[in-house]
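To start, the structure itself, in structure tokens.
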Amino acid sequence: MMSAAALGLFALAYSGVVLFALAHALRRILPPVRAAWTAFFLSAAVHGATPFLMADEERWLPLTLFWLLPHLLILPLLLLAARRQSAAA
């Protein structure tokens, strides 16, 4: 089984890829900062609903933390990149 550190790095990398790819796709129709926030909320809604729909009650908290913490760690970087892109445009 994977160690907690390896699993945490995987979650962080996955969240980063999902958020940046979704924000990039949304930038075609939205301003960069709004695209970043929309990507965060869409990803949070999908990943937040998954533990409640697919897991047992005793696993809700660990699974919620598994997606929430990496998303919250990536969000400032995503917003910083979006603000720089807005300023450059």
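Each reported figure results from applying straightforward, stated rules to the coordinates on display, with no laboratory input. Predicted, not measured: the structure shown is a model, and the values here were computed from it. Heads up, the Cβs are rebuilt from the backbone with ideal geometry, glycines too, and the neighbour counts pull from every protein chain shown.
Give me the one-decimal Kirkwood hydrodynamic radius in Å for the stretch 7-50, with the sum taken over alpha-carbon pairs. Write down the numbers at each step before the final one.
Details: mean 1/r = 0.0939 Å⁻¹.
This gives a value of 10.7 Å.
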* DSSP loop trypsin sites (Lys or Arg not before Pro) in the chain with at most 10 other Cβ atoms within 10 Å of their Cβ, which ones? -> 28
* **Computed over the chain, Cα set: Rg, Dmax in Å** => 14.4, 47
* Pairwise label distance in nanometres, residue 68 with residue 81, each label 7 Å out on the Cα-Cβ vector -> 2.4
* Asked: What value, in deg cm²/dmol to 500, does the helix sum -39500 (n - 2.57) over DSSP H runs of n ≥ 4 give at 222 nm once divided by the residues of the chain?
  -> -30000 deg cm²/dmol
* Rough spin-label spacing in nm, given labels placed 7 Å along Cα→Cβ, for residue 6 and residue 60 -> 3.1
